[in-house]
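Heads up: the structure comes next, in C-alpha cells.
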Amino acid sequence: MGAMGKIPPPGNYTSFDVPDLLDNIGLSDGLLVESICTTKNGDGSLHSAPIGVRRAGSAVIIEKLFKGTTTLENLMRESSALINLLDDVEIFYLATFNEIPEEGYDMSYGMRLPPLKGSNASMEVSLLNFKDKGDFLSVKLRIDGILLRKVKPCFFTRCRHAVLESLIHATRIPVFRKIRPKDAEKLTKLVLHYSELVSRICPEEPYNRIMRDIVNRLNIKLNK
Ligand SMILES: Cc1cc2nc3c(=O)[nH]c(=O)nc-3n(C[C@H](O)[C@H](O)[C@H](O)COP(=O)(O)O)c2cc1C
C-alpha cells in the first residue's frame with residue numbers, strides 16, 4: 001500500500017521521483033496497463049489510441065506496437081507521446097474508433113501534448129529505443145514527467161473488463177479475418193461470450209450500448 005502523503009495534489013505536474021510516485025499511485029514496476037496514447041499527427045492535430053504499456057522503472061515499454069498504426073508513425077516522427085491512465089470505458093471506446101473530439105482534450109496545462117479530460121494521470125514520455133519484431137515493434141519510452149489530474153475511488157466491475165476486452169478484439173478481428181481466419185473466429189466467439197455476459201449483468205449505459213455497437217461494427221450474428 002503506497003504512502004498517500006507522497007502523492008502530490010491533483011492538478012500537479014512533476015518530473016521528480018517518478019518511480020516513487022508511480023509506486024504510490026499503484027503503477028508498480030512490471031505492471032502492464034491499458035492506456036490511451038496521444039501523439040501528434042503530421043498536420044499538428046492530435047491522435048489518441050488505446051495502447052498497452054508496461055512499467056519498467058522510470059520508463060514504460062510498449063511491447064507490441066503494430067506496424068501500420070498512426071501511433072507508431074507519429075511516435076517515430078515526433079519522438080514523444082502522452083500516456084493517459086484512466087478507467088473510463090467510454091473514452092476507450094471513442095479512442096478505439098478514433099472518435100475522440102477536440103473538446104476531449106484539456107488544453108489548460110501547457111504541456112507538450114494536452115491530457116485527455118477523462119485522464120486520471122498522464123505521463124509525458126520520449127522515445128528511448130525500439131526493436132523491430134516483424135509485424136510489430138517493441139518501444140521503450142522514458143517518463144519525463146507526470147501530471148496527476150484526479151485521485152478518485154476505484155472498484156472492480158466485470159462490465160468494464162468485458163467491454164475493454166471486446167474493444168481490443170474488435171481491433172484485431174478485421175485484420176485476422178484477412179490473414180488468420182481461425183484466430184478471427186476464436187476472437188469472435190469471445191466477443192459473443194462478452195456480449196452475453198454484458199447483456200446479463202450490465203446496465204444499458206454505457207456497457208450494453210457500446211457492446212451492441214462493437215457487435216454491429218463487426219457484423220457478428222448473435223446466438224438468440
Ligand atoms: C484496450 C486496447 C489496447 C490496445 N493495445 C494495443 C497495443 O498495445 N499495441 C497496438 O499496436 N495496438 C493496440 N490496440 C489497438 C489499437 O488501439 C488500434 O488498432 C488502433 O486503431 C491502431 O492505432 P492507430 O489509431 O494509432 O492507427 C489496443 C486496443 C485496445 C482497445
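The condition of being assigned by TED's automatic domain parsing to the domain that holds residue 23 and touching a Leu at 6+ places or on another chain (Cβ under 8 Å) holds for only one of 192, 222, 141, that being 141. Taken together, the residues in region 84-100 that are in a helix (DSSP H, G or I), of a type outside the set (A, V, I, L, M) and more than 7 Å from the ligand (Cβ to nearest atom) amount to 2.
For region 67-89, which residues satisfy the criterion of being more than 19 Å from residue 145 (Cα to Cα) and surrounded by 15 or more Cβ atoms within 10 Å (Cβ to Cβ)? Reasoning before the result, please.
Restricting attention to region 67-89, the residues satisfying the condition of being more than 19 Å from residue 145 (Cα to Cα) are 67-74, 76-77, 87-89.
Hits for region 67-89 are 69, 71, 72, 73, 74, 87, 88, 89.
Of the residues making up region 162-219, just one is surrounded by fewer than 13 Cβ atoms within 10 Å (Cβ to Cβ), within 16 Å of the ligand (Cβ to nearest atom) and closer than 25 Å to residue 33 by Cα, namely 174.
The values are calculated or read from the model by the stated rules, or taken from the named source; none is laboratory data. Since we're looking at a predicted model, the values are computed, not measured. Here Cβ is always computed from backbone atoms with ideal geometry, including for glycine, and neighbour counts include all displayed protein chains.
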